[in-house]
Amino acid sequence: MLYCCIIAERPMAVAFSNLNSDSGLKKLDEYLLTRSYITGYQASKDDITVYSFLAKLPSPAYVNASRWYKHIDALLRISGVSGEGAGVTVEGSAPITEAVATPPAADNKAPATEEEDDDDVDLFGEETEEEKKAAEERAAALKASGKKKESGKSSVLMDVKPWDDETDMKKLEEAVRGVQMEGLTWGAAKLVPVGYGIKKLQIMLTIVDDLVSVDDLIENYLTVEPINEYVQSCDIVAFNKI
């Protein structure tokens, strides 16, 4: 008797360049001719990455790119995007922090090593004397070297909403970017129409998880004086671990 098995093909990472040029948009449009999303069968971080590199809605001449952009924009407004994606790189466009793009392959190896290490650990057994001694030696060596354990990072897409259509959005963005603290890096931003002449600021940021709390950032920095002269409220659209 013959047996066969079907192995699911893993999506391959893709790359784009100069997305705000005619050639870059043409390549994106051709790529999306037979696809709904940048990678896979659901919206993911890869779609957010490409979306954030586009300065505005592609021209109607690029039918597929324009259709995809409107779809991702709607998802970000309504429910956000949580898919991981397969990885995408964008070159030759306006620089964006590493939080937007998928981490390079070299960075992806570290979590894999930790997962492999976790497989060898008996989570339900008690720590032996040898394990305690080894842990103490590692801690001592780490302290002696003066190195700190690398903390995790997260990529956040945030909506910053003004009070009304008379709010100076340039000053609003300047006020938001004026908030500086260790572990916080502001990325690309764009103005997105909401309605009745009102636009909101959609901005990317990278945070070091152990140093920055997004809730604290919003409640104690972005919606208090003097910034609340421009900012009415803030919403998290997407939150992804790097």
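Derivation of every value follows stated rules applied to the coordinates shown; laboratory data play no part. Since the structure is predicted, the reported quantities are computational estimates derived from the model, not experimental observations.
Using the Karplus relation 6.51 cos²θ - 1.76 cosθ + 1.60 with θ = phi - 60°, the per-residue 3J(HN,Hα) values for segment 41-50 come to 10, 8, 5, 9, 4, 5, 5, 4, 4, 5 Hz, with x marking Gly and Pro. Across segment 227-242, computed HN-Hα scalar couplings (Karplus, 6.51 cos²θ - 1.76 cosθ + 1.60, θ = phi - 60°) run 5, 5, 5, 10, 9, 8, 6, 9, 10, 8, 8, 8, 9, 10, 6, 9 Hz from first to last residue, x flagging Gly and Pro. Sequentially through segment 165-174, phi angles give Karplus couplings (6.51, -1.76, 1.60; θ = phi - 60°) of 6, 8, 5, 6, 5, 5, 5, 4, 5, 4 Hz, Gly and Pro residues having no value and appearing as x.
Close amide H contacts of TRP163 (hydrogens built in the peptide plane, cut-off under 5 Å, sequence separation of 5 or more or a different chain): GLN232.
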